[in-house]
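Structure, as structure tokens:
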Amino acid sequence: MEKRELLYEGKAKRLFLTDDANLVISEFKDDLTAFNGEKKSSEAGKGALNNKISTELFKLLDSKGVQTHFVEMLDDNHMLHKKADVILIEVIVRNIATGSLTRNLGIKDGTILPFTLVEFDYKDDDLGDPKLNDQHALILGLVEHQDELDKLRRVARQINAILKPYFQNIGLNLVDFKLEFGKDSNGNIILIDEISPDNCRFWDIESGEKMDKDRFRQGLGGLKVAYEEVLNRILGK
Ligand code: C5P
């Protein structure tokens, strides 16, 4: 597969065209950003860890019948995947309250939620990714019909039902995570982007230690060691 011109550069990945119009290549960068790009850094090897973790999780989801954009991992920093039109909704799934949920609603940090919460944020950096309800999403034309919003919620819950016990098995609480979806060339809604400690929160079940990007957001240090530990547990090492 030939890597061709740069299509788009995001905060964590570069997207390249290929010689196949339906396939693109993501290059996972070592850059770290938080607070809508206000805090920036870089950690050598972070991109490769996220590529490897995402690859394993996409394979797992695929084996359970979730439609994703994943095709194959090409090398340490490159993933081949289907081209999709991005739906500008960040789907946030929460099992335990922390982060913006505790800030916005005053729910005590660490509270186990009575049921899995699925939220929508508008993927718009200029606006600071505000919360969306279904009517906002429809007025903005982010999807065409209510049933597409229903599908995003349904698939997000299905993914949580797969990933939560999977991570529990390897000693990690899946606290919350962000998913992105797109439409493939047939108009099917598929899971895109990445699933990694950059966009999930993992708390070690025994120690409570944070094993995700909160180490960077909160200046805790040890980010790469934590990401490596997540990958090693996934790989059963
Ligand atoms: O910051 P907040 O508590 O809303 O984040 C919820 C989850 O969504 C966290 O796992 C965070 O890593 C992820 N997230 C993300 N990208 C964003 C916002 C949140 O990956 N722009």
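The values are calculated or read from the model by the stated rules, or taken from the named source; none is laboratory data. Here the structure is a predicted model, which means the values were calculated and not measured. Neighbour counts run over all protein chains shown; Cβ positions are idealised from the backbone, glycine included. Only protein heavy atoms, including side chains, enter the accessible area calculation; ligands, DNA and RNA are left aside. Shrake-Rupley method; radii C 1.70, N 1.55, O 1.52, S 1.80 Å.
Indicate the gyration tensor shape class of the range 68-198 (rounded, prolate or oblate), computed on the Cα atoms with a ≥ b ≥ c the square roots of the eigenvalues: a/c under 1.5 is rounded; otherwise a/b larger than b/c is prolate and the rest oblate. Walk me through the intermediate numbers first.
Values: a/c = 1.73, a/b = 1.12, b/c = 1.55.
Judged from the Cα gyration tensor, the range 68-198 comes out oblate (a/c at least 1.5, b/c at or above a/b).
Return a whole-number percent for the relative contact order of the range 150-237, with Cα pairs under 8 Å and 6 or more residues apart as the contact set. Once divided by the residue count of the range 150-237, the mean separation gives 20 percent.
Under a Cβ-Cβ cut-off of 11 Å, what is the net charge of the residues other than S54 that fall near it, where Lys and Arg count +1 and Asp and Glu count -1?
Numbers: positive: K13, K52, K59; negative: E56, D193, E194, D198.
Neighbour charge sum, excluding S54 itself: -1.
Only Lys, Arg, Asp and Glu carry charge here, each on its Cβ (+1 for the first two, -1 for the last two); on that basis the chain has a dipole of about 660 debye about its Cα centre. Under 20 Å of direct C-alpha separation, and excluding same-chain neighbours fewer than eight residues apart, K164 reaches these lysines: K52, K59, K64, K151, K178, K210, K213, K237. For the chain, modelled as a GNM whose springs connect Cα atoms under 10 angstrom apart, the maximal fluctuation among E90, E180, E144 occurs at E144. Computed from point charges on the beta carbon alone (+1 for Lys and Arg, -1 for Asp and Glu), the dipole magnitude for the range 182-235 about its Cα centre is near 160 Debye.
How would the chain be classified by its alpha-carbon gyration tensor: rounded, prolate or oblate, with rounded meaning a/c under 1.5 and the a/b versus b/c comparison settling the rest?
Details: a/c = 1.40, a/b = 1.09, b/c = 1.29.
In terms of gyration-tensor shape, rounded.
Of the listed residues V118, V230, the order by accessible area with a 1.4 Å probe, largest first, is V118, V230.
Stretched out straight at 0.36 nm per residue, the stretch from D124 to Y166 would grow longer than its current Cα-Cα span by 12.0 nm.
Surface composition of the range 52-104: carbon and sulfur make up 42 percent of the accessible area, probe 1.4 Å. Across H78, H136, H69, mean-square fluctuation computed from a Gaussian network of the chain (C-alpha pairs under 10 Å connected) peaks at H136. Across the range 156-195, Cα pairs under 8 Å and at least six residues apart give a relative contact order of 26 percent.
Under the convention that each Lys and Arg Cβ holds +1 and each Asp and Glu Cβ holds -1, the size of the dipole of the range 23-105 around its Cα centre is about 340 debye.
When the chain is modelled as a GNM with alpha-carbon springs shorter than 10 Å, which of E56, E148, E38 fluctuates the most? Comparing E56, E148, E38 in the GNM, the peak value goes to E38.
Quick one: net charge around Y227, please, counting Lys, Arg +1 and Asp, Glu -1 for every other residue with C-beta under 15 Å from its C-beta. Present the calculation step by step, with values, prior to reporting the outcome.
Working: positive: K29, K46, K52, R201, K210, K213, R215, R217, K224, R233, K237; negative: D30, D31, E43, E56, D76, E194, D198, D204, E209, D212, D214, E228, E229.
Residues near Y227 contribute -2 overall.
In this simple spin-label approximation, S100 and K11 carry label points 7 Å from Cα along the Cα→Cβ vector, and these lie 1.0 nm apart.
Taking the solvent-accessible surface of protein heavy atoms with a 1.4 Å probe, what is the per residue accessible area of the range 147-237 in Å²? It would help to have the intermediate numbers written out before the result.
Values: 3770 Å² over 91 residues.
It amounts to 41 Å² per residue over the range 147-237.
Filter the chain for me: DSSP H helices, axial length by Cα at least 27 angstrom, mean Kyte-Doolittle hydropathy not below -1.0. List them by residue number. For the chain, where a helix must reach 27 Å along its axis and average at least -1.0, the hits are 146-169.
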